[in-house]
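Shown next, in structure tokens, is the structure this report addresses.
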Amino acid sequence: MHSRIVARLNCSKPPRHLYTQNPRRYLHVAYRDEFYHPLPEGHTFPMRKYPDLFSILREENLLPDEHIITPQPIDWEHLKWVHDADYVEAIRNDTLSNDHRRRLGVPCLNLSSSTQGMVERWRMTVQGTVDCAIRSLTDHCITGNISGGYHHAFRSHPSGYCAFNDVAVAVEFLERKNMISRCLVIDLDTHQGDGNAAMLSDKPNAFTFSMHGAKNFPLNKMKSDLDVELPDRCDDEEYLGLLSKHLPDVLEKSNPDIIFYLAGVDICEGDRLGRLKVSREGLVKREEMVLDYVWNQYKKPLVLLTAGGYAATAKMTADLHAEIAQERKKKTRLPLNSADGPVSRFLPDFYMKTTFLAFLALTALLYASVDGVKNMKPHPVEAAAAAAGYKIGRGIYDITGPVSNVGLMGYAMFDQIGAGISSRLRARAFIFEGPSRANSSITNRVVFVSTDSCMIFASVKQSVIARLQKLYGETYSYDNVILSGEHTHSGPAGFSYYLLYDLSSRGFQPENFEAIVNGIVKAISMAHNSMVEDAQLFINHGEVLEANINRSPTAYLANPEPERAQWKYDVDKDMTLLRIEDSKGNELGMINWFAVHGTSMNNTNLLTSPDNKGFAAYSFEKYKNGADSVPGMGPFVAAFAQSNEGDVSPNTKGATCPDGTPCESVHSTCGGYTQGCIGKGPGKDDFESMTIIGTNQFKGAKDLYEKTPREPLSVSVDYAHTFLDMQNVEVGAEWNADKKPGKTCVAALGLGFAGGTTDGPGDFDFRQGANSSTNNPYWSLLGSFIFPPNAEEIECQRPKPILLNVGKFRLPAQWVSDILPIQVARIGDLVIVAVPGEFTTMSGRRLRKTVLDTLQSLGAADEKTKVIIAGLSNDYSHYIATREEYSVQRYEGASTIFGPHTLAAYQQEYSKLITLMTKGIKPPHGPQPADLSASTIHIPFLFDIDVHPFGKPYGTVLKDVLPSYNRGALVNVTFQAANLRRDFRTQDTFLTIEKSNNGTWTSVRTDADFDNRLKSTSNQLRETTVTIEWYTTADVATGQYRIRHFGTSKDVSGNLTPFVAKSSTFNLV
């Protein structure tokens, strides 16, 4: 019977473009054998359903090992977060009153004889719902707790078979962990969720919706946010009509971060405790309706809880199951879009519906202890067999922080204050697991994360590791997690504990810091939860042209001519690419490393943007997930990671003066000043240049990705990590060209640093290439006044004229990092050198050669071994120029803060580190960086509220769209709005561009797409307007459209109120 049903459920073949989907990818299930505990014979509650359901899910291959969640008993103290302590202790110590035992529904049960049984299963069930909620949020998926939905439990007493309220505990847990701000409980059990209504009533951001029998248990009902009462013998038409009427409004009003769905099947005709008359077909339509709204139209993380069901006979329930299967067979695919919601254009739903309905149908079958299934045994979780390939996971998550009223990170321009968004920022995480090359009996795991941030600071790495270890213990640590920024200069600043990098952003910005850390952790958690066995990696590399140039060619020319002669270009044009597939050849993701600055958007840009690498990643994910996929939501993850980009610019036309003549080359000046010497990209403006450079990287990656034959990587994973005191590294003579020993210096910035670069010139009378302070006596005096360098420090940094002796700055906080991480990882034949700064082209080449030479000396490298630099990783220490480039003191040399021996120090220490890794020896930890979180400085905004003009409430259209536009035209609309900092709309959008399809509005663009821009303007009265621009193209579909903006206002009491603004409709012709 079961095989026939599952065959029907899977009979329809998906469209060809869904080839990357796994039919079981989305559903994750919490289960333990302990969920079953015997009850007295004849008891109404069908306890046997739990192992039987799990057994069928396993036997029918609906639940792979990696999607099984195995909850532990929840901590007693966590139960006391929502339940009275005396009540919890009464259950713990078996001192429940007779009245409580009666309410529970198991009056004859002796809890003391079930300490490891019934009470433990209650605790495991509650933790199962918590674990499911975490998994749903981190993996953005549907989860199900086989033993969940205890909606009758109250704060201080049990009721209706429910001892502890698992949903209330889960909500409290998620709120305390800052994982959600809003949630929705949809309870479609025939019995009102009175416990949920009562226990969540004090949470204004928790919306409870219960649709239940008016005359059914409980007799004394509590007040939910929305209660819909059903008459006895309510049939399909009435039931589904009421649900379709209320469900869209509930989703719109609640706007939840997560949804708990209690999918009780006791609404069906014939249920012993149901009193309703919903048919088999009606149940199917209910589940399809919920799934269409919750997942397809709103794409909300969903936790499925089985709740109640008490069928009379096995045959009745089995027939119900068969009818559900037959209904599934009729519906190959339902429409992907039928919502008037913020984001309705999401992943194809075929596989999701199949697995979801299979779970519900099997749940229905097993909700009674019946003859047809009573002899089935639980299916234990089998240990995974040793994989022949890698074990790999990937994840992607939103890290977009405040897009207005905070300085942008990269150019250090005090007037470059964010005022809108061009596209969202993401973290892309990959986990690789395999045997150690040094000791094959050891299995290692390495995480690589590429973030759309300017760089990674120690503050971010510290917090990410701390949170990962709370979630996964010692699985992840400083040693095996690499965080690498792709170096956009158009993301919000203020996420460092070091003061120098927070100066242009009004100090440390905790909200932005939290957005970045939280997004990275969630991306890693998604990767952790999506691990697949026996995966394959393929490596390729090749030239990518017309995407980068050297912005300091005169410094590059200072390197020895024989060394330069070994290279075709004065920048690295080689891209190295990893292609990731599962054991069946399904494509999972891609990472490449290529050196180019994220400075296509110059220092006049005010819109948050991931710049050229972000556009390349967006394009590749569209290429693989489908043109209609929502950015950042697809299963295929593509990372365009950074490398040794120190002197590498995307402004390929080079630097010119305002009159079009070339800049003076040594100092990059026009008429003696740097401000007019600006590098120009290939496009007519920054946006077009960013698109061109991003497209060239995308095309290069696409060619390498598709190129055959592909070279598979051998299977091994190793890593090593240590910390260095970079101000006190003794450098051996063998690492210096003059064969003399050296030493690193107290960190200091030179005059050339303040001169800026041709990507972003500095202010005042600073110039690159300055090796004397005589040209700027004012700044020399200021630099000498603030912690003046002593003679030893001046000599150590020579020939750099010290502007800011930042290594000594400790007031009011530490200015730069001095304890720095160095890290290497080896994945098969690929060696990743994670560096905490910006290596120039030649510095990166020398470091790669050092690592390769060391491996060869150990017999651990051959012609297949590929060494790459992962730039801006784990912390930031400015630039690393060669000693020859340092002598020229252009921007890169002046920003090499630890002096002329910095590169040699890194070569020496990375050689040591790669040697220890290769020999299987754990490196010493090194000096621990200080936790500076308590010393950050934050300047809060005064009168941080929103107001609107009289008669123009939030959402008012101030300048509407025109009735009609030709394709290729600019469409724009302006709304009365609020400060965009109120709600970052994480994993969501500030805007949608929607198309009408026979009266149904479907989102076709969000703020993550690059052809639209949202610009925010505020005045001194705190009044804000938002203008949305859509740059249509000639190939966009004709039809009727509208534009919507989603915002949140803050009043004088601190209350946050969401609002929606909507343009008039317009036609594209």
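None of the figures in this text is laboratory data; all of them are computed from the coordinates on show. Source: prediction; values computed, not measured. Cβ placement follows ideal geometry from the backbone for every residue including glycine, while neighbour counts extend to all protein chains displayed.
So if the hydrodynamic radius of the stretch 957-1068 is defined as the Kirkwood radius over C-alpha pairs, what does Stokes-Einstein give as its diffusion coefficient at 10 °C and 1.306 mPa s, in µm² per second?
So the translational diffusion coefficient is about 108 µm²/s.
For the residues 400, 708, 974, what sequence is obtained by ranking on other C-beta atoms within 10 Å, fewest first?
With the fewest neighbours first, 400, 708, 974 line up as 708, 974, 400.
Please compare each pair in 277/299; 622/959; 573/653 to a cut-off of 22 Å on the Cα-Cα distance and tell me which ones are over it.
The answer is 277/299; 622/959.
To the nearest 10 degrees, how steeply does helix 166-176 sit against the main Cα axis of the chain, on a 0 to 90 scale?
With rounding to tens, the tilt is 20 degrees.
Determine ³J(HN,Hα), in whole Hz, for all residues of the stretch 856-873 in sequence, where each value follows from phi through the Karplus function 6.51 cos²θ - 1.76 cosθ + 1.60 and θ = phi - 60°; x replaces Gly and Pro.
5, 5, 9, x, 10, 8, 9, 5, 7, 5, 10, 10, 10, 9, 9, x, 6, 9
Return a whole-number percent for the relative contact order of the chain, with Cα pairs under 8 Å and 6 or more residues apart as the contact set.
10
Listing 623, 569, 476 from the residue with the fewest other Cβ atoms within 10 Å to the one with the most, what is the order?
Going from least to most buried by this count: 569, 623, 476.
Per-residue counts of other Cβ atoms within 10 Å, averaged by peptide: what ranking do you get for 627-639, 821-833, highest first?
Result, highest mean Cβ count within 10 Å first: 821-833, 627-639.
Can I get the semi-axes of the stretch 188-239's equivalent ellipsoid? Compute them from the C-alpha gyration tensor as square roots of 5 times the eigenvalues, in angstrom, largest first.
Equivalent ellipsoid of the stretch 188-239: 21, 12, 7 Å, largest first.
Using Cα pairs under 8 angstrom and six or more residues apart, how large is the relative contact order of the stretch 1029-1069, in percent?
45
For the stretch 511-643, just the Cα atoms, rotate onto the principal axes and tell me the three extents in Å, largest first.
On the principal axes, the stretch 511-643 reaches 50, 39, 28 Å in Cα extent.
Please go through the residue pairs 245/1015; 177/702; 680/1050; 285/995; 223/995 and name each one whose alpha carbons sit more than 31 Å apart in this structure.
Over 31 Å Cα-Cα: 245/1015; 177/702; 680/1050; 223/995.
Using Cα pairs under 8 angstrom and six or more residues apart, how large is the relative contact order of the stretch 957-1068, in percent?
35
Short version: ³J(HN,Hα) in whole Hz for each residue of the stretch 947-959, in order, from phi by Karplus 6.51 cos²θ - 1.76 cosθ + 1.60 (θ = phi - 60°), x for Gly and Pro, what are they?
9, 9, x, 4, x, 10, x, 4, x, 4, 7, 8, 9
Against the longest principal axis of the chain, how steep is helix 280-291, in degrees 0 to 90 to the nearest 10, with axes from Cα atoms?
Computed tilt is about 20 degrees.
Using Cβ counts within 10 Å as a stand-in for footprinting exposure, how do 613, 461, 739 rank, fewest first?
739, 461, 613
Rounded to the nearest 20 Debye, what is the dipole magnitude of the chain about its Cα centre when Lys and Arg each give +1 and Asp and Glu each give -1 at the C-beta?
The dipole of the chain has a size of about 1260 debye.
Using alpha-carbon positions, what is the distance between the centroids of the stretch 522-588 and the stretch 623-683, in Å?
Cα centroid to Cα centroid, the span is 18 Å.
For the chain, what is the calculated [θ] at 222 nm in deg cm²/dmol (nearest 500), taking -39500 (n - 2.57) for each run of four or more DSSP H residues and dividing by its residue count?
Mean residue ellipticity, 222 nm, calculated: -8000 deg cm²/dmol.
On a 0 to 90 degree scale, rounded to 10, what angle separates helix 314-330 from the longest Cα axis of the chain?
The answer is roughly 50 degrees.
Taking the alpha-carbon centroid of each part, what is the distance from the stretch 981-1002 to the stretch 223-272 in angstrom?
Cα centroid to Cα centroid, the span is 26 Å.
Looking at the chain, send over the antiparallel percent of its DSSP beta bridges, to the nearest 5.
70
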